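Shown next, in structure tokens, is the structure this report addresses.
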Amino acid sequence: RDRSPSRGLGDVYKRQVQMKHLAVITARSGSKGLKDKNIKLLEGKPLLVYSIEAARQSGKFDCIHVSTDSEKYAQIAREHGADVPFLRDAALATDTAGTWDVLRAVVQQYAAIGQQFDTITLLQPTSPLRDAADIKMAFEIFEEKNAQSVVSVCEAEHSPLLCNTLKEDQSMCGFVDLQKVGRRQDMGTYYRLNGAIYLQTTELLMSQGDLYGEHSYACVMSQEHSIDIDTALDFQIAETIMRASS
């Protein structure tokens, strides 16, 4: 596959129309921090459904798969237009199971039933405010940059220059480097991973290549769309934002 950054628009279009794209929404049932988090109702809708709808509305995917170990979750996913021809193996539904191992298993299981994809996009269900426009933006970057991966980020709420670990006695001695920390506007803009979109070629995934390598690019999302739900408080924040924008 051509990796030259100087390809013409015709080459970009050819790459786009020839590729098949898979979205995977990872929704195991064993959440311990917040029970059944992935199907907990957010403004009357199961959490994972927001990611299904965003993926469908983007029009970018040939297949939208919900990876789950629960038939209950799978049925909810199917009712909202996702493809769940198989459940996740129990060994990949534990707290210690790696996300990329889960995605590789999905690719292999689809291949076993005759379906192959050129890209795979992880859409975590805990990012319900990530919308179709965010997904489209990631794909635009993927095409324009001839990328191997595109990862979503947002502006960090606080500069890492203001963060540090604490000593056992809670001493603040040396907590910040005063030579680096000045006025907030002079500290530069930092970005953080927001967990909403991980788009990569299937080749990169299966070869266990570097997701943040030379051909990886950022998709900068708003902080509002970057809410990552892990706790009951996160749910409340997401609900507040949704109600304010409705």
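At a glance:
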read-out	value
Rounded accessible area of Leu205 (nearest 10 Å², 1.4 Å probe)	0
Distant-in-sequence amide H partners of Asp83 (H built 1.01 Å from N, under 5 Å)	Ile64, His65, Val66
Computed accessible area, His21, all protein chains, 1.4 angstrom probe, square angstrom	10
Vicinal HN-Hα couplings computed from phi for region 103-119 (Karplus, 6.51 cos²θ - 1.76 cosθ + 1.60; Hz; Gly/Pro x)	5, 4, 5, 4, 4, 5, 5, 5, 4, 5, 9, x, 10, 10, 9, 8, 10
Top positive-direction residue, dipole computed over the chain with Cβ charges, set Tyr217, Val107, Asn38	Val107
Region 138-222 pair-distance distribution - Cα-Cα, 10 Å bins, rounded %	16, 32, 24, 20, 8, 0
Helix-only mean residue ellipticity at 222 nm for the chain, each DSSP H run of n ≥ 4 adding -39500 (n - 2.57), per residue, nearest 500	-9500 deg cm²/dmol
Gaussian network model of the chain, springs between alpha carbon atoms under 10 Å - residue of Asp177, Asp36, Asp228 with greatest fluctuation	Asp177
Over the chain - Rg/Rh using Cα atoms and the Kirkwood inverse-distance radius	1.00
Ratio of Rg to Rh over region 100-192 (Cα coordinates, Kirkwood Rh, two decimals)	1.16
Largest to smallest accessible area among Ile113, Ile229 [probe 1.4 Å]	Ile113, Ile229
Environment charge of Ala138, counting only residues whose C-beta is closer than 13 Å and scoring Lys/Arg +1, Asp/Glu -1	-1
Too-long pairs where the Cα-Cα distance tops 32 Å, listed order kept, from Lys37/Lys136; Lys37/Lys180; Lys72/Lys136; Lys20/Lys72; Lys136/Lys180; Lys45/Lys136	Lys37/Lys180; Lys136/Lys180
Per-residue SASA entry for Met172, accessible area with 1.4 Å probe, Å² rounded to 10	120
Region 42-85 - Kirkwood radius from inverse mean 1/r over Cα pairs (Å)	10.7
Net charge dipole size for the chain [Lys, Arg +1 and Asp, Glu -1 on Cβ; Debye, nearest 20]	280
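The values are calculated or read from the model by the stated rules, or taken from the named source; none is laboratory data. Remember, it's a predicted structure, so these values are computed and weren't measured experimentally. All Cβ positions, glycine included, derive from the backbone under ideal geometry; neighbour counts span all protein chains shown. Heavy atoms of the whole protein, side chains included, go into the accessibility calculation; ligands, DNA and RNA do not. Shrake-Rupley method; radii C 1.70, N 1.55, O 1.52, S 1.80 Å.
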